[in-house]
Amino acid sequence: MTEDVLKKLQILAESAKYDVSCASSGTSRSHRAGMTGSAAGWGICHSFAEDGRCISLLKIMLTNYCQYDCAYCINRVSNDIPRATLSVRELVELTMEFYRRNYIEGLFLSSGVVRNPDYTMERLVRVAKDLRTVHRFNGYIHLKSIPGASRELVDEAGRYADRLSVNIEIPNEASLKLLAPDKDFQQVFTPMRYIQQGVLQQAEERKRFRHAPRFAPAGQSTQMIVGATADTDRDILRLSSALYRRPTMKRVYYSGYIHVNTYDTRLPAVRQVPLVRENRLYQADWLLRFYSFQVEEIVDDATPNLDLEIDPKLAWALRHPEVFPVDVNRADYEQLLRVPGIGVKSAKMIIVSRRFAPLTSEQLKKIGVVMKKARYFITCRELPFQTIHELSPLGVRKLLTSRKRDDGRQLTIPFGE
Ligand code: SF4
């Protein structure tokens with residue numbers, strides 16, 4: 001690698017680090033003879049910065065020049081920062097070199113907007129195309145789709161990338177207009193629609209022709225910035241829930257706002273949104289996807305923001321004492337899922353295990369139920385514990401939060417289990 005490319009790499013990797021929508025899950029293509037790499041099980045290498053942010057080793061921008069002026073972005077045109085652009089060839093060679101040395105498991109590629117969305121998108125697609133067709137690269141590729149790019153280019157991107165993503169960034173049209181006046185809220189959803197149509201169409205074709213080419217097999221994802229505007233957690237989760245109803249949306253990522261442009265008075269003065277808010281949003285997102293919760297059950301008019309002290313499932317349980325205690329030896333799967341301390345895996349295990357004999361608290365522990373939490377919400381074979389009814393929701397809350405404080409782990413309490 002030349003000095004020049006190394007310098008560009010430093011600048012562009014630094015510019016890309018604020019984008020968190022980079023997990024490489026969702027694809028299972030394994031190694032094939034005559035090809036380089038595999039996307040099975042790994043994908044992009046992740047590391048974690050001190051602040052807990054996920055950073056990929058080759059998470060990079062093609063260029064950090066950008067003609068737009070989004071208030072929350074380090075790469076906005078009005079910022080005086082070092083700029084660089086990699087040529088398509090340089091980026092392809094870099095990826096192959098890093099891949100062969102085992103530094104990375106794939107590529108996460110985004111870009112600032114230069115000239116126009118089509119010009120930028122075309123260059124992103126060329127990187128993926130060269131990797132796949134010239135270098136026979138079989139590793140994971142995640143491409144950013146540029147809002148406003150034409151359908152043909154999005155379709156072409158889907159043929160080479162494992163996952164495509166379009167960042168929503170701001171969950172509401174008025175706030176986006178204020179902070180990113182060059183962007184059009186509706187335009188963000190257009191490429192999402194193209195991707196969805198491409199994936200569904202390809203699924204139909206593969207039913208008829210086994211070897212029909214794949215289209216973004218790992219689906220699409222998006223990212224929202226949390227805390228840059230006054231939008232509540234309810235606004236954010238409502239949008240996430242609507243997105244998850246689309247069949248190809250795999251993940252919504254929440255990125256706590258970082259005050260990179262301190263001079264911009266449109267932005268809140270906080271230096272950084274507490275990581276715990278990001279964490280609570282991920283937990284609520286989990287409830288929407290795997291626990292059959294509706295947004296209005298998690299956040300409503302009275303509580304539009306998530307409780308930062310306790311996880312959203314526990315918060316829901318404390319608001320609904322009438323549902324508890326649940327008898328673990330009789331309750332159905334859906335009821336078990338609502339118990340704090342019982343996760344998807346343990347609920348399934350309970351259903352299977354109790355066929356043989358009624359379960360005791362010792363057995364529940366072995367199954368993986370977090371009894372220090374669940375005990376207030378369940379009964380089992382032994383005499384009932386002191387439940388939420390004897391202790392009151394406030395009493396249970398105090399017991400659980402004081403224990404967390406004693407442990408000194410209140411910001412990292414595991415969820416669901
Ligand atoms: S378009 Fe993207 S890269 Fe450009 S300023 Fe906005 S957020 Fe930053």
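The values are calculated or read from the model by the stated rules, or taken from the named source; none is laboratory data. Treat the numbers as computed from the prediction; the structure is a model and nothing was measured. Here the Cβ is made from the backbone with ideal geometry for all residues, glycine too, and neighbour counts use every protein chain on show.
Of the residues contained in the range 202-214, none is found to be more than 28 Å from Asp130 (Cα to Cα) and outside the structural domain of Cys70 (by TED's automatic domain parsing).
Considering (1) under 21 Å from the mean Cα position of the chain (by Cα); (2) surrounded by fewer than 21 Cβ atoms within 10 Å (Cβ to Cβ), the lone condition that Pro321 does not fulfil carries the number (1). With respect to (1) more than 16 Å from the ligand (Cβ to nearest atom); (2) on the phi > 0 side of the Ramachandran plot, the lone exception for Tyr140 is condition (2). Checked against (1) away from the ligand (no atom under 15 Å from the Cβ); (2) at pLDDT 85 or above, Cys45 passes all but condition (2). Just one of (1) within 16 Å of the ligand (Cβ to nearest atom); (2) of a type outside the set (S, T, N, Q); (3) in a loop (DSSP other than H, G, I, E, B); (4) crowded, with 18+ Cβ neighbours inside 10 Å fails for Ile104. It is (1). Cβ separations smaller than 9 Å between residues 6+ apart or across chains give no pair from the range 100-115 residues that are under 11 Å from Leu62 (Cβ atoms) and modelled with pLDDT under 85 to residues that are acidic (Asp, Glu) and within 15 Å of the ligand (Cβ to nearest atom).
Quick check on the range 267-275. Is at least one of its residues more than 26 Å from Pro191 (Cβ to Cβ), of a type outside the set (Gly, Ala, Ser), assigned to a helix (DSSP H, G or I) and out of contact with any Phe, Trp or Tyr (no Cβ under 8 Å at 6 or more places or on another chain)? Yes, because at least one residue in the range 267-275 is more than 26 Å from Pro191 (Cβ to Cβ), of a type outside the set (Gly, Ala, Ser), assigned to a helix (DSSP H, G or I) and out of contact with any Phe, Trp or Tyr (no Cβ under 8 Å at 6 or more places or on another chain).
Of all the residues in the range 312-355, those that are among the aromatic types (Phe, Trp, Tyr) and more than 16 Å from His389 (Cβ to Cβ) number 2. Looking at the structure I just gave you, is Lys207 of a type in the set (Lys, Arg) and within 16 Å of the ligand (Cβ to nearest atom)? So Lys207 does not fit the description; no.
So, of the residues in the range 61-101 that are part of a strand (DSSP E or B) and under 26 Å from Ala218 (Cβ atoms), which turns out to be nearest to the ligand (Cβ to nearest atom)? Checking each candidate, the answer is Met61.
Considered as a group, the residues in the range 125-141 that are out of contact with any helix residue (DSSP H, G or I) (no Cβ under 7 Å at 6 or more places or on another chain) and in a helix (DSSP H, G or I) include one that is nearest to Asp155 (Cα to Cα), and that residue is Thr133.
Of the residues Leu143, Leu153, Leu124, the single one that is buried (at least 18 other Cβ atoms within 10 Å of the Cβ) and over 21 Å from Leu200 (Cβ atoms) is Leu124.
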